[in-house]
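Below is one structure, written out as structure tokens; comments come after it.
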């Protein structure tokens, strides 16, 4: 794609040429072919730059130091950074350092993403961070590597970062971008590529030669159900129990009844005792869940996860939001992510 720049010059010619040269350089450095020309008009101290896609109707219009009259002609509000006019996208950029920075940060990445076909993709999968947080954490990387297109797909507490790139980038360039992003998102990252949380947990159980026993209450077997979808699950799973009622917790996990009476079924103490019961029964790794999935009752969304082995059990408290199904699924996601973190630290 070629971008044509038609500058309508107002004021001193050297100012016009200076800013055109700066913008042309930024576009050229990022692999966009540029044609430029100038034309004199009668507005003072302002000029227009049209960035038009060759062979396409849509275009970009950047207005540098555009006065009120120019903006009224275009029907665009001065306070807008982006707006539209006759299906054209319009950006207002001042001819100073801040304006050029706005062009680099806001306009250039959009032009690049629309002008380059990103043939290849690399997916990073995260838990516990939303799309907006991801954007903020990796903003320096995405700005510095404008030829890379970064998209975000959010689902519950999961966020996929999709890195698009072309064969014009060297393998080293692509790897540097991916590694920089991974470094920024390290504590949230659980996998690369088309891998689910349960698959990632299964793989790391295999790699570390560990086996797990699971006792579920509010998650109702969801965790075990997802784990056994992986072929070879028998290599990592000892047993899965749905100890839903108080009687089941007492008889199957040998929980101290006084703990239930004092703290209730949904508590950190109960979660701890559930995991302890699994370890007493011979578990290598023990995982237990208890919580209020709702929709009725108090403290809906309050959930506990116990995870550990004979050397120690960790308790995680969460307050999930949403309906019953969403709370259960969030509990499963959290359980697998915590298991992955636990095994990484163990390894």
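Most exposed first by the Cβ proxy, i.e. fewest other Cβ within 10 Å, how do 316, 292 rank?
In order of increasing Cβ crowding within 10 Å: 316, 292.
Once you have all Cα-Cα distances for the range 147-207, histogram them in 5 Å bins from zero and send the whole-percent values.
Cα pair-distance distribution for the range 147-207, in percent: 4, 14, 24, 24, 17, 11, 6, 1.
Which of rounded, prolate or oblate describes the range 197-346 when judged by the alpha-carbon gyration tensor and an a/c cut-off of 1.5?
oblate
Can you give the % of DSSP beta bridges in the range 197-346 that are antiparallel, to the nearest 5?
60
Give the peptides 300-311, 212-223 in descending order of average Cβ contacts within 10 Å, highest first.
212-223, 300-311
Order these peptides, 275-281, 234-240, by their mean beta-carbon neighbour count within 10 angstrom, highest first.
The densest-packed peptide leads the list: 275-281, 234-240.
Based on the Cβ-Cβ distance from residue 136 to residue 311, what FRET efficiency comes out when R0 is 25 Å, to the nearest 0.05?
Efficiency for this residue pair is about 0.10.
Coordinate-derived values only; no laboratory data. From a predicted model like this one, the values you see are computed outputs, not experimental measurements. Methodologically, a virtual Cβ is constructed for each residue, glycine included, from the backbone with ideal geometry; neighbour enumeration extends over all protein chains shown.
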